[in-house]
Each structure stands twice: as C-alpha cells, then as structure tokens.
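Scroll down for the structure; my scribbles are underneath it.
The values are calculated or read from the model by the stated rules, or taken from the named source; none is laboratory data. As the structure is a prediction and not an experimental result, all values here were calculated from the model. Methodologically, a virtual Cβ is constructed for each residue, glycine included, from the backbone with ideal geometry; neighbour enumeration extends over all protein chains shown.
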C-alpha cells in the first residue's frame, strides 16, 4: 500500500481564518497519525497544516484566495502511480510548481515558475541516484521525492516521516459542516 494524500501549509494567516475559509472546524479528536479524512496540525516555524487523505483535495481549493495575504505551500502524492507535485502560492499567485509523473518516465520532472534553491540540488541528487541504480530500468523512482522534499525543505513536514510536533497527538481531526438533506433545505424555517 502507498499514500494517496494532499496537504497545504499556511504561514501568515490565523488558524481560525484558514479553517473558516476552508469551511472546516476542529473536533476534539487528536491522534499521532493522520488517519482521519482531514486533519490539522501546528508545524514548527509558524506553519499550519491541513492534510487530507485524498490526492486531489488541494486541487479543489481556492489557493489564490487562501494565499492572498499569506504564504501557502502545497504537496500531493499518489504513490500507487508514483505521482507527486508541490507548489508555493504568495499574494494570490502561484510562484512555482514542481511535478513528477512516472507515467511519463522515471526522469520526468516539470518545473514551472521559479522553484526555491533546494530544487536544483534535489533534482541533481535524485537523477544521480536513479542513474546509479540503472537509469530507466531502475526499480526505484528516486525523482518522485523531489517535489515532496522541496515542500519539506520549506515547511519541515513530510507525510511519511516523524510527526510535525513534539506532542504525540498533534493531528486534530477537522470536520466539515453537516450537509442539509434536500427535504430539509426545502422546508427550512426562516
């Protein structure tokens, strides 16, 4: 089994504001592992994390609006097909995005915009490891880690490594408001 998830980390905006803009609220459930559908966590360096156990969750969010007065870093992974992507948004604009899709080959790495400094070193190292392990015939997809490690370089968070906090139960389950049934919406009291 592999991970299929996406996350965003926000710096420069209050947690309450982020959750309100996403239509989420905190529950009282906390865990050391992000098993719930959507969780939140405080990261080191004043980042706030929202992680969903769906690869496409972040794609559906209004990233431009969320980053209007904040810095936003996103990451999505689908390990079943070895797809990964990371991006940064600031002042309502996407600054950069780095994508790896193994369906286009083990060396596939599309960089848009101006990725931060660690990108070149991460790419060089991954391609060297891939070449040392047989190149296109390698059984390991080293380039998959480039977007993931780039997001980690900025936020200090990686989904498959140690929890982001010294607190064991650092992942708080986030809730969406209950959906009203069709009949309830027809007959709601005013």
| query | Looking at 111, 76, 103, which is the one that is closer than 23 Å to residue 142 by Cβ and part of a helix (DSSP H, G or I)? | reply | 103
| query | Just checking, which of 32, 25 is touching a helix residue (DSSP H, G or I) at 6+ places or on another chain (Cβ under 9 Å), in contact (Cβ under 8 Å) with a residue 24 or more places away in the chain, over 28 Å from residue 111 (Cα atoms) and loosely packed, with under 15 Cβ neighbours inside 10 Å? | reply | 25
| Candidate set from the stretch 22-35 (those that are within 19 Å of the chain's Cα centre (by Cα) and modelled with pLDDT of 95 or more); member that is nearest to residue 162 (Cα to Cα) | 26
| said: Just to verify a result, which residue in the stretch 103-118, among those that are in contact with a strand residue (DSSP E or B) (Cβ under 7 Å, 6 or more places away or on another chain) and more than 20 Å from residue 70 (Cα to Cα), is surrounded by the most Cβ atoms within 10 Å (Cβ to Cβ)? | reply: 109
| Of all residues in the stretch 1-21 being in contact (Cβ under 8 Å) with a residue 60 or more places away in the chain and more than 13 Å from the chain's Cα centre (by Cα), which is farthest from residue 67 (Cα to Cα)? | 2
